[in-house]
Amino acid sequence: MKEFAVFWGCTIQTRFPFIEKSTRTVLEAFGLPYRDIDGFTCCPEKSLVNNIDHAAFVLTAARNVALVDELGYDLVSPCTGCVSNLATVSCELKANPKEKDSVNGMLKEVGREFTGKAKLHHLVPFFHDTVGLLAIKQKMKRDFSGMKIALHYGCHMIRPSHALRNDDPLNPQKFDNLIRAMGAESLQFLTKLMCCGQGLDRIDEHDRALHFARIKLRELKSIGADALVLCCPSCFLQFDNNQFLMEKEGERFGIPVIYFTELLGLSMGYTAEELGMTSHRVDCEPFIKKWESLANKPSREAAIEEGLSGPNLLS
C-alpha cells in the first residue's frame, strides 16, 4: 500500500484529541503506512474563507496538497470537510490550467508546486475501498450483532461528487457496508442524509443549529437507535456537544455519538477508555452496556445445539 499523510485539520487536534487517539490506534493496529508531515495548515474552511476570499481559499488548499505532491504520498483525512475542500480545489485547478499556473506562480515563491498527483481520501471510503471489508473482518474480535446503528454521512463525505467521486451522493452505501461488515444493523431513516446544521453555529445562528440537530435526534430516538455513528468533527460537535446542551435544558435524547474509528476500535478489542470515548459529552455507557449484555447471551445456534444435546432429549 502506498504511503499516505494524515490530514488532521484544525478541529480534531484542538477540540477532540480523543478522535485523533482512536484514529491513530486503528491505523497502527492495521499496520497502515501513515505519516505525519510538517507544514499543513487549515484546509481552509469553506463556508467562511471561500465566501470572503476565493483566491485565498484556493491558494491555501493548493499549498496543502503540494506538500504531499512533492513527497509522493497520498492524503487521508478523518475530517470530511477537509477532504471536500482540498478535493474541490484540486479538481478546480486541474480543470483550469490558467488558474493552476497562476497559483503555482505564487507557490514558487515559497518553494512549492501543485501538481495534483496525490489522491485525496476520506477515512471511510479509504477503509472501504483500500483497506477492504475482508481485512476489517479479520481484525475484529467481536462484532456488533444485535446493535442498531444510525449512520450520519454528513454533507462533505460525498459532496461535491464531481471532485470526490467516492460514492453515490444520493444513495451512498460505503459507510453502510462498513457498519454491516461489523455485524450491526444500519438503520434506514428519513433524515439520514440531512445536513447536521453545525455550520449555522459559525454564523451566530445557534438556535437554528439546535433545531437541525433536534430533528434528527428526535427521529433516532423514535426508531430505537443504539447510537449515531459518524466521521466528521463538525458533525460530532453538533450531535455530541449540542445534544449535551439541549439535555442541560431538560430535553432528553440519550443518543450516544460514536466516531467511526471508535466503533472499529471497539470491535478490535480496545476499551472505551483506551479509545478516549469517556471524553464525550453524551454518555456512551448505555451503548457499551447493551453491547456487553448481548455478548453474554448465547447465540441462537448455540442454544439450539445445547437443547439438542440436553439430557431430556428422549424423555
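Please treat every number below as a calculation from the coordinates, not as lab data. Everything quoted here is computed from the prediction, not taken from an experiment. Backbone-built Cβ (ideal geometry, glycine too); neighbour counts: all protein chains shown.
The criterion of at least 1 residues that are touching a Leu at 6+ places or on another chain (Cβ under 8 Å) and without any contact (Cβ under 8 Å) to a residue 24 or more places away in the chain is met by the following helices (runs of 4 or more DSSP H) wholly inside the range 179-291: 206-222, 272-275. Taking Leu164 and the conditions (1) under 25 Å from Asn241 (Cβ atoms); (2) in contact with a strand residue (DSSP E or B) (Cβ under 9 Å, 6 or more places away or on another chain), which numbered condition does it fall short on, given that it satisfies the others? Answer for Leu164: the failing condition is (1). Within the range 13-58, the set of residues being touching a Phe, Trp or Tyr at 6+ places or on another chain (Cβ under 9 Å) and β-branched (Val, Ile, Thr) comprises Ile19, Thr23, Thr25, Val26, Ile37, Val49.
Screening Met157 against (1) part of a helix (DSSP H, G or I); (2) within 20 Å of Phe127 (Cβ to Cβ); (3) in contact with a helix residue (DSSP H, G or I) (Cβ under 8 Å, 6 or more places away or on another chain) leaves a single unmet condition, (1). In summary, Val6 fulfils each of the numbered conditions (1) surrounded by 14 or more Cβ atoms within 10 Å (Cβ to Cβ); (2) under 15 Å from Phe236 (Cα atoms) with the single exception of condition (2).
Yes/no per residue for (1) within 25 Å of Ser47 (Cα to Cα); (2) basic (Lys, Arg):
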{"site": "Leu120", "(1), (2)": "yes, no"}
{"site": "Lys137", "(1), (2)": "no, yes"}
{"site": "Leu164", "(1), (2)": "yes, no"}
{"site": "Leu190", "(1), (2)": "no, no"}
{"site": "Leu193", "(1), (2)": "yes, no"}
{"site": "Glu205", "(1), (2)": "yes, no"}
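Taking the range 248-292 as the range and being under 19 Å from the mean Cα position of the chain (by Cα) and at positive phi as the test, only Gly276 passes.
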